[in-house]
1. Do we find that Lys201 is touching a residue at least 12 places away in the same chain (Cβ under 8 Å) and surrounded by fewer than 11 Cβ atoms within 10 Å (Cβ to Cβ) in this structure?
2. Looking at region 127-162 only, could you name the residues that are open to solvent by less than 60 Å² (accessible area, probe 1.4 Å), in a loop (DSSP other than H, G, I, E, B) and either more than 16 Å from the ligand (Cβ to nearest atom) or aliphatic (A, V, I, L, M) (or both)?
3. Tally up the residues in region 22-76 that are of a type in the set (Gly, Ala, Ser), more than 22 Å from the chain's Cα centre (by Cα) and outside any loop (DSSP other than H, G, I, E, B), please.
4. Taking region 103-123 on its own, how many of its residues are part of a loop (DSSP other than H, G, I, E, B) and buried (at least 16 other Cβ atoms within 10 Å of the Cβ)?
5. Taking region 34-45 only, how many residues are among the β-branched types (Val, Ile, Thr) and over 15 Å from Ala73 (Cβ atoms)?
6. Identify, please: which residue in region 201-221 is in contact with a Ser or Thr (Cβ under 9 Å, 6 or more places away or on another chain) and modelled with pLDDT under 90 and is, among those, nearest to the ligand (Cβ to nearest atom)?
7. Identify, from the list Leu96, Leu53, the residue that is over 30 Å from Glu210 (Cα atoms), open to solvent by less than 30 Å² (accessible area, probe 1.4 Å) and out of contact with any Gly (no Cβ under 8 Å at 6 or more places or on another chain).
8. Conditions: (1) more than 12 Å from the ligand (Cβ to nearest atom); (2) under 21 Å from the mean Cα position of the chain (by Cα); (3) outside any helix (DSSP H, G or I). Cys198 meets all but one. Number of the miss?
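The values are calculated or read from the model by the stated rules, or taken from the named source; none is laboratory data. Here the structure is a predicted model, which is why all the values come from computation and not from measurement. Here the Cβ positions follow ideal geometry from the backbone for every residue, glycine too, while neighbour counts run over all protein chains shown. Please note that ligands, DNA and RNA were not included when accessible areas were found on the heavy atoms of the full protein model with its side chains. Shrake-Rupley method; radii C 1.70, N 1.55, O 1.52, S 1.80 Å.
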Amino acid sequence: MTGQKIQQIYELLFERFGPQHWWPGETKDEIIVGAILTQNTNWQNVEKAIGNLKKASVMSLEKLYAIPQEQLAELIRPAGYYNIKAKRLKNFLKWLFENHNGSLAEIEPIHTENLREELLQINGIGRETADSILLYAFDRLVFVVDAYTYRIATRHQLIEPECDYEQLKSLFEDNLESNVKLFNEYHALLVRTGKEFCKPKARCADCPLEKLPHTIETDTI
Ligand code: SF4
């Protein structure tokens, strides 16, 4: 039953919105940087920060590892919390270069669960960021959960409000076909729905999921 609902939600969203072409990034390096910079800000600000990195000719993991943290912070200033994010980026790069020779190819053979554990050990890399990197940069079969996923899943009674990140992640992973492209598209469609319709104050009229059973709580997320 839950599996059917999850499938139906996907079909309705895809029918309305079509492919979302995620993740917006030209290279794996850019996807990783974007996933770290997008925490607590909107994508336009991330784009400006990445634009600065490109203009300064440092938009590669190797070059970002080489430049001083202060310079990096200045370049990513438009993304907000730039000192914290520069530190997080440097933490990721330190892990990559000290443990894996700075090579994404060297990471390929690592089992997804082990790689996820490694990423979660990096200071400042939380579950959503780690899973975004795993799915969108490394093509791993990992479902990304965010506040939009939680809100839509709660309102459509897929989960109880006290459900945690790992439970919600497993719910999608266990009830969907094991297909990286599907996981990629589904998350992107949920984000679009959350931004346009399923806001804290829901706009159910005209939402692609309007005809499915749902309840709106009074509090906000
Ligand atoms: S806006 Fe309403 S119909 Fe749309 S996903 Fe949210 S609760 Fe469902």
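1. It is true that Lys201 is touching a residue at least 12 places away in the same chain (Cβ under 8 Å) and surrounded by fewer than 11 Cβ atoms within 10 Å (Cβ to Cβ).
2. Phe138, Arg140, Val142, Phe143, Val144, Val145, Leu158, Ile159
3. 1
4. Of the residues in that region, 1 qualify.
5. 1
6. Glu217
7. So the residue among Leu96, Leu53 that is over 30 Å from Glu210 (Cα atoms), open to solvent by less than 30 Å² (accessible area, probe 1.4 Å) and out of contact with any Gly (no Cβ under 8 Å at 6 or more places or on another chain) is Leu53.
8. It fails just one condition, (1).
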